[in-house]
């Protein structure tokens, strides 16, 4: 699939289509879709913006590449004046007072936000079933989950309801649904894109991540939204990635994979087989492939969830119904807090908040939280050493194919373990792209920190050889 | 003056109990092999003092102020009403 952004841009410029008809059609499709991807439609503002783009074209003015391109936003991003529910009961009626930096940059470039998309509440989930808007249904087989937490965003892209969508990835929330719905999804290096205006889940791994149907569209969107932002002091300046620079992968000589990801019994035999078939194709092109040692998947999952729960317990402590959100009054202030929180948070969110407070409490923090931080450091060190030996690491996105709707809610441990292949790269803050090839749920392509460009190069190479 | 607080109090969630599933995850990390328990040799996420943003108060735009007021859960006679104050 070639770039939809370039294709639509050409159609707009040549007046083959109007921006208004484009936006109206996407809104209609979103409104009637049966995959539960929509939390709210941004109909009025989208139509106004589309008319402005048409007026500009009619008057002979040039338009930018992203001007008039309709896109979706996971419902955890602030967009001034729109409902930003985080798919939660708590914030069902909450309206963003301001706009997230990444979203503002897209709007400034002329792209048109048309929908706030369904997801797991506060990003807590891997199936987009933990939501008050109904489980997101997989784009390919609606009996299966859409993946999560950015499930609505991935399904919208896969079904051509949005040209691209902006998801959020803390432990795999862009990469896994991208794999489940056979589209591209990028978790850039931590800090490349500002998190300002993204509702915080686990701040040390939260990343803004574009989802699209082509590498080129991911590149265009990434270039637009990257950059240093004084409102997020973990951001850094980055160079734009050019189309020419990623057209060749000749500098990639060595590729690694983690052998213990493949030697586990939990991996689907077909995913394993397909993965090794891809490895063979890479070797045929003269690239050296190395099997690497890495941490056990259950250690990765436990480290990630220990730290993510601690961070989300802290981040969500602000939600008490005092200044915003759905308040339920009790006899005392403390009662109001606890009734409000117990009635409004979902079971999964409560499980994570309680888990987070457990690990942060005296007597537990040393043997769990501090140890988690220590393991995280070792993971980062291990990646540093790996990238002295290899240029790229590839891995499956998930050990298994998407579960049926309802299965993950019954077995949260299985849901946590399904993140085994994605969370390590989050803890390492590395750039990782899901490509919809190689296995039934795709492949992850990872490079060293700040080397997002190399990920694109290898993804282009894979596109040609698989 | 140490006081033992249960997770329901710590979390401000009525009746909250630790989850068996989550405890299973914690057991794995407790038993994980680590070369050391220190975590101070890899942390490069700190921001340099020179890079801190200016400490200035930015006034919210009128629309932002309006939305903040709209989001407030309760209003009476033009005043924003908070819950009862802490009695203890």
> On the given criteria, is residue A:336 over 28 Å from the mean Cα position of the chain (by Cα), at the interface with chain B (Cβ under 7 Å from one of its Cβ atoms) and either modelled with pLDDT of 95 or more or in a helix (DSSP H, G or I) (or both)?
Replying inline: yes
> Pairs, please: C-beta under 6 Å, at least 6 apart or cross-chain, first residue facing chain A (nearest Cβ under 7 Å) and in the stretch B:70-85, second at pLDDT below 85 and loosely packed, with under 14 Cβ neighbours inside 10 Å?
Replying inline: B:72/B:80; B:74/B:81
>> Of everything in the stretch A:133-148, what is in contact (Cβ under 8 Å) with a residue 60 or more places away in the chain and within 16 Å of residue A:39 (Cβ to Cβ)? Give them in sequence order.
In response: A:133, A:134, A:135, A:136, A:137, A:146
> Here are some residues: A:53, A:38. Which one is at pLDDT 95 or above and touching a strand residue (DSSP E or B) at 6+ places or on another chain (Cβ under 7 Å)?
Replying inline: A:38
> In the stretch A:111-136, how many are outside any loop (DSSP other than H, G, I, E, B) and surrounded by 24 or more Cβ atoms within 10 Å (Cβ to Cβ)?
Replying inline: 8
> For the stretch A:257-286, how many residues are in contact (Cβ under 8 Å) with a residue 12 or more places away in the chain, part of a helix (DSSP H, G or I) and touching a strand residue (DSSP E or B) at 6+ places or on another chain (Cβ under 7 Å)?
Replying inline: 7
> Hey, any hits in the stretch A:8-24 for a residue that's within 18 Å of residue A:114 (Cβ to Cβ), in contact with a helix residue (DSSP H, G or I) (Cβ under 6 Å, 6 or more places away or on another chain) and outside any helix (DSSP H, G or I)?
Replying inline: yes
> Name the residues in the stretch A:312-324 that are out of contact with any helix residue (DSSP H, G or I) (no Cβ under 7 Å at 6 or more places or on another chain) and more than 18 Å from residue B:16 (Cβ to Cβ), would you?
Replying inline: A:322, A:323
>> Name the single residue that is nearest to residue B:29 (Cα to Cα) among those in the stretch A:370-386 being surrounded by fewer than 19 Cβ atoms within 10 Å (Cβ to Cβ) and more than 7 Å from chain B (Cβ to nearest Cβ).
In response: A:382
> For the stretch A:28-35, does any single residue satisfy the condition of being crowded, with 21+ Cβ neighbours inside 10 Å, within 25 Å of residue A:214 (Cβ to Cβ) and either without any contact (Cβ under 8 Å) to a residue 60 or more places away in the chain or under 24 Å from the mean Cα position of the chain (by Cα) (or both)?
Replying inline: yes
>> I'd like the residue in the stretch A:46-61 that is buried (at least 16 other Cβ atoms within 10 Å of the Cβ) and in contact (Cβ under 8 Å) with a residue 24 or more places away in the chain and, out of all such residues, is nearest to residue A:142 (Cα to Cα).
In response: A:46
>> For the stretch A:168-182, check the following and say yes or no: at least one residue is more than 23 Å from residue A:408 (Cα to Cα) and surrounded by fewer than 24 Cβ atoms within 10 Å (Cβ to Cβ).
In response: no
>> Between a residue in the stretch B:37-66 that is more than 7 Å from chain A (Cβ to nearest Cβ) and at pLDDT 90 or above and any residue that is loosely packed, with under 10 Cβ neighbours inside 10 Å and assigned to a loop (DSSP other than H, G, I, E, B), which pairs come within a Cβ distance under 8 Å, given they are 6 or more apart or on different chains?
In response: none
>> Looking for something more than 14 Å from chain B (Cβ to nearest Cβ), in contact with a strand residue (DSSP E or B) (Cβ under 8 Å, 6 or more places away or on another chain) and not in a strand (DSSP E or B) - is there at least one such residue anywhere in the stretch A:292-304?
In response: no
> Say we look at the stretch B:16-36 and pick out the residues that are surrounded by fewer than 12 Cβ atoms within 10 Å (Cβ to Cβ) and at the interface with chain A (Cβ under 7 Å from one of its Cβ atoms); which of these is modelled with the lowest pLDDT?
Replying inline: B:36
>> For the stretch A:97-110, give me each residue that is surrounded by fewer than 20 Cβ atoms within 10 Å (Cβ to Cβ) and away from chain B (no Cβ under 14 Å).
In response: A:107, A:108, A:109, A:110
> Which residue out of A:83, A:94 is within 23 Å of residue A:132 (Cα to Cα), out of contact with any helix residue (DSSP H, G or I) (no Cβ under 9 Å at 6 or more places or on another chain) and either surrounded by fewer than 23 Cβ atoms within 10 Å (Cβ to Cβ) or within 14 Å of chain B (Cβ to nearest Cβ) (or both)?
Replying inline: A:83
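Got at least one residue in the stretch A:398-411 being facing chain B (nearest Cβ under 9 Å), more than 21 Å from the chain's Cα centre (by Cα) and surrounded by fewer than 20 Cβ atoms within 10 Å (Cβ to Cβ)?
Within the stretch A:398-411, the subset facing chain B (nearest Cβ under 9 Å) is A:411.
Okay, now just the ones that are also more than 21 Å from the chain's Cα centre (by Cα), so A:411.
Keeping just the survivors that are surrounded by fewer than 20 Cβ atoms within 10 Å (Cβ to Cβ) gives A:411.
Yes, the stretch A:398-411 contains a residue that is facing chain B (nearest Cβ under 9 Å), more than 21 Å from the chain's Cα centre (by Cα) and surrounded by fewer than 20 Cβ atoms within 10 Å (Cβ to Cβ).
The values are calculated or read from the model by the stated rules, or taken from the named source; none is laboratory data. Bear in mind the structure is a predicted one, so any value in this text is a computation, not a measurement. Note that each Cβ is placed from the backbone with ideal geometry, even for glycine, and that neighbours are counted across all protein chains shown.
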